[in-house]
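A short write-up of the structure that comes next.
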Amino acid sequence: MKVCYLGPYQPDYGRNRVIIKGLMENGVEVIECNAYSSNRLLDYFKLLRKHLNLDYDVIMLGNRDIYCSQPLVPFVKIMSRKPIVFDAILTSYEAEVVDRKLVKKGSVKAKLWYFLDYIALHTASAVLSDTDTHAKYYSYFYNVKLNKFRRVLVGSDEEIFYPRVVTKENEHFLVLFWGGFIPVQGVKYIIRAAKLLEDHEDVKLELRGFGQTYSEALELSGSLRVKNVTFVPSWVSYDKLPNYIAKADVCLGIFGETEKAQRAIPNKAVEALAMEKPLITGDSPAAREILKNRENCILVPMANPKAIADAVLTLKDDKRLREKIAENGYNLFKEKLNPKAIGKDLKLILTELVEKPRA
């Protein structure tokens with residue numbers, strides 16, 4: 001089977017990397033058709049023209065943050081009779097309007113985002129979602145039949161994220177968060193949790209990354225006079241990030257009070273599992289699809305600083321529990337969340353589409 005992986009996508013973005021690698025590891029030929037620049041409209045024209053000369057059985061639309069492939073779907077539908085798979089791990093309306101609130105509901109831009117999402121979801125032959133919870137939401141919100149959706153979990157590349165032994169720089173119990181500081185992550189609750197942990201002088205928190213809520217987080221930390229948090233406002237390359245994760249005793253997922261926090265399993269959670277690190281993340285319907293509290297992670301109520309702080313202390317004081325959930329989390333990754341496992345599930349979905357009689 002030949003898959004045309006098309007879009008203005010970032011090749012190193014975890015979702016794209018894992019899917020492409022996973023399909024190839026399962027014997028699928030992946031033909032990448034990518035155009036990635038600051039000129040969105042020109043990228044679209046390049047992609048539509050390039051894909052006409054390619055031979056493939058099914059076409060997949062890759063994603064690039066909120067700048068996804070929605071506008072391409074109806075045009076590809078007109079230009080090709082092959083099945084079209086749209087990866088809706090992230091829709092523009094949900095990201096920009098519902099979660100990040102960068103675009104006002106009811107505005108012209110909000111309506112445009114919704115329209116582009118709607119057309120893509122309705123036009124595609126099948127739609128991928130990262131969780132069943134997300135699929136149900138999209139089905140309701142965009143009025144798409146639920147049987148059009150297929151769950152393909154978020155994975156991680158085991159050649160980049162894998163358990164490793166490093167020399168710690170000090171004896172502190174290090175709690176690590178990394179991310180783009182967006183509302184779904186709930187960084188403000190991590191900071192408030194850090195304040196509650198100040199009396200435990202051997203516990204230190206490190207927050208890596210930069211983004212929408214970074215200034216707010218820094219201001220909150222300053223107003224609370226938090227002393228046990230270090231901010232590292234810089235991006236590290238994909239292949240260097242594991243070096244920092246390896247030094248952590250515990251890794252943090254997401255804790256936001258937003259709707260999206262209930263529907264998503266973040267990359268960072270899977271990356272922690274892949275590196276056999278104990279994970280603390282927010283309890284949600286999405287998380288419970290694959291995670292079990294005190295078995296392969298610690299699940300805490302969303303937007304609850306005390307629960308985060310208590311979970312950190314529980315893991316700090318209970319080495320056996322820490323090792324147990326780290327090991328079980330790693331086993332979960334090896335079973336379901338590595339590229340080969342993700343690719344196997346996706347190959348079955350694509351094969352079903354290719355073999356289905358076309359109207």
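The values are calculated or read from the model by the stated rules, or taken from the named source; none is laboratory data. Bear in mind that the values here come from a model prediction, so they are computed numbers and not experimental data. Cβ atoms come from the backbone with ideal geometry, glycine included; neighbour counts cover every protein chain shown.
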| What number of residues within the stretch 94-143 are of a type in the set (Gly, Ala, Ser), within 24 Å of Asn267 (Cβ to Cβ) and without any contact (Cβ under 8 Å) to a residue 24 or more places away in the chain? | 2
| query | Within the stretch 118-130, is there a residue that is crowded, with 16+ Cβ neighbours inside 10 Å and either at pLDDT below 95 or among the aromatic types (Phe, Trp, Tyr) (or both)? | reply | yes
| message | For the stretch 323-340: of the residues being touching a Gly at 6+ places or on another chain (Cβ under 7 Å) and not basic (Lys, Arg), which is surrounded by the fewest Cβ atoms within 10 Å (Cβ to Cβ)? | response | Pro339
| request: Give the stretch 278-322 a look and list any residue that's free of Cβ contacts under 8 Å to residues at least 60 places away in the same chain and among the charged types (D, E, K, R), or say none. | output: Asp283, Arg288, Lys292, Arg294, Glu295, Asp310, Asp317, Asp318, Lys319, Arg320
| message | Can you find a residue that is part of a helix (DSSP H, G or I), of a type in the set (A, V, I, L, M, F, W, C), at pLDDT 95 or above and closer than 20 Å to Ala261 by Cα anywhere in the stretch 132-154? | response | yes
| Do you know which residues across the stretch 235-249 are outside any helix (DSSP H, G or I) and under 19 Å from the mean Cα position of the chain (by Cα)? | Trp235, Val236, Ser237, Tyr238, Asp239, Lys240
| query | For Glu25, are the conditions met, namely being of a type outside the set (A, V, I, L, M, F, W, C), surrounded by fewer than 18 Cβ atoms within 10 Å (Cβ to Cβ), closer than 30 Å to Ser237 by Cα and touching a strand residue (DSSP E or B) at 6+ places or on another chain (Cβ under 8 Å)? | reply | no
| query | Which of the residues belonging to the stretch 1-60 are charged (D, E, K, R) and not in a loop (DSSP other than H, G, I, E, B)? | reply | Lys2, Arg15, Arg17, Lys21, Glu25, Glu29, Glu32, Arg40, Asp43, Lys46, Arg49, Lys50
| request: Select from the stretch 4-35 the residues that are among the hydroxyl-bearing types (Ser, Thr, Tyr) and at pLDDT 95 or above and list them in ascending order. | output: Tyr5
| Single residue of the stretch 166-225 satisfying the filter (part of a helix (DSSP H, G or I) and acidic (Asp, Glu)) that is farthest from Val300 (Cα to Cα) | Glu219
| Restricting the first residue to the stretch 1-14 and requiring it to be assigned by TED's automatic domain parsing to the domain that holds Ala35, which pairs with a second residue that is at pLDDT below 95 and hydroxyl-bearing (Ser, Thr, Tyr) meet a Cβ separation below 6 Å and a spacing of at least six or different chains? | Gly7/Ser69; Pro8/Tyr36; Asp12/Tyr238
| task | Run down Lys268, Lys277 and say which single residue is assigned to a loop (DSSP other than H, G, I, E, B), of a type outside the set (A, V, I, L, M), closer than 22 Å to Lys240 by Cβ and assigned by TED's automatic domain parsing to the domain that holds Gly179. | result | Lys277
| Condition met for Asp43 (charged (D, E, K, R) and modelled with pLDDT of 95 or more) | no
| request: Identify the single condition in (1) over 17 Å from Leu47 (Cβ atoms); (2) of a type in the set (A, V, I, L, M, F, W, C); (3) surrounded by 16 or more Cβ atoms within 10 Å (Cβ to Cβ) that Ile84 does not satisfy, given that it satisfies every other one. | output: (1)
| field | Single residue of the stretch 133-186 satisfying the filter (in contact with a helix residue (DSSP H, G or I) (Cβ under 6 Å, 6 or more places away or on another chain) and farther than 25 Å from Arg208 by Cα) that is surrounded by the fewest Cβ atoms within 10 Å (Cβ to Cβ) | value | Leu146
